[in-house]
Amino acid sequence: MTESLVKLNVGGHRFLTTRETLTCQSVYFTAKLGEDDFKTPTMVDDHILLTGMGGRFAYILQYLRGGNYPILFDVVKGFDYATYVKIRHEAMFFSIDALVASLESLACRLWLAQIT
């Protein structure tokens with residue numbers, strides 16, 4: 001099976017991935033990707049333009065590629081709760097339910113660990 005490459009521009013950040021990666025767990029991308037191409041895409045320099053934050057989308061794509069959850073921890077500052085919330089928001093936008101649920105569960109565990 002030949003994977004079809006997809007070029008994305010998300011918030012000015014460019015990504016190269018495959019249709020299969022994008023559609024493996026995302027209802028959003030499954031609905032948007034047709035047989036041949038995105039349905040009515042907005043193209044910029046041969047890249048499909050998507051609304052979103054490119055830095056956060058990198059975490060989304062990392063998850064879609066291999067199921068790797070973002071670990072946002074600094075020895076001095078601890079966990080970056082604000083970024084987890086932002087990644088969760090992006091995951092909700094792109095309809096990646098498993099990542100949303102995992103981030104919600106992780107946030108609860110981290111919060112409980114802090115108060116106990």
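The values are calculated or read from the model by the stated rules, or taken from the named source; none is laboratory data. Bear in mind that the values here come from a model prediction, so they are computed numbers and not experimental data. For neighbour counting, all protein chains shown are included, and Cβ atoms are generated from backbone atoms with ideal geometry for every residue, glycine included. What goes into the accessible areas is simple: the full protein's heavy atoms, side chains included, and nothing from ligands, DNA or RNA. Shrake-Rupley method; radii C 1.70, N 1.55, O 1.52, S 1.80 Å.
Pairs needed: first member in region 90-101, part of a loop (DSSP other than H, G, I, E, B) and crowded, with 17+ Cβ neighbours inside 10 Å; second member anywhere, β-branched (Val, Ile, Thr) and at pLDDT 90 or above; C-beta distance under 9 Å; at least 6 residues apart or different chains.
If the second residue must be β-branched (Val, Ile, Thr) and at pLDDT 90 or above, the pairs left are 94/60; 96/60.
Considering 79, 93, which residue is farther than 18 Å from residue 23 by Cα and among the hydrophobic types (A, V, I, L, M, F, W, C)?
79
Those residues that are assigned to a helix (DSSP H, G or I) and loosely packed, with under 14 Cβ neighbours inside 10 Å, I need them from region 63-80; list them, please.
65, 66
Pick from region 12-40 the residues that are outside any helix (DSSP H, G or I), open to solvent by less than 50 Å² (accessible area, probe 1.4 Å) and modelled with pLDDT under 90: which of them is nearest to residue 92 (Cα to Cα)?
That would be 33.
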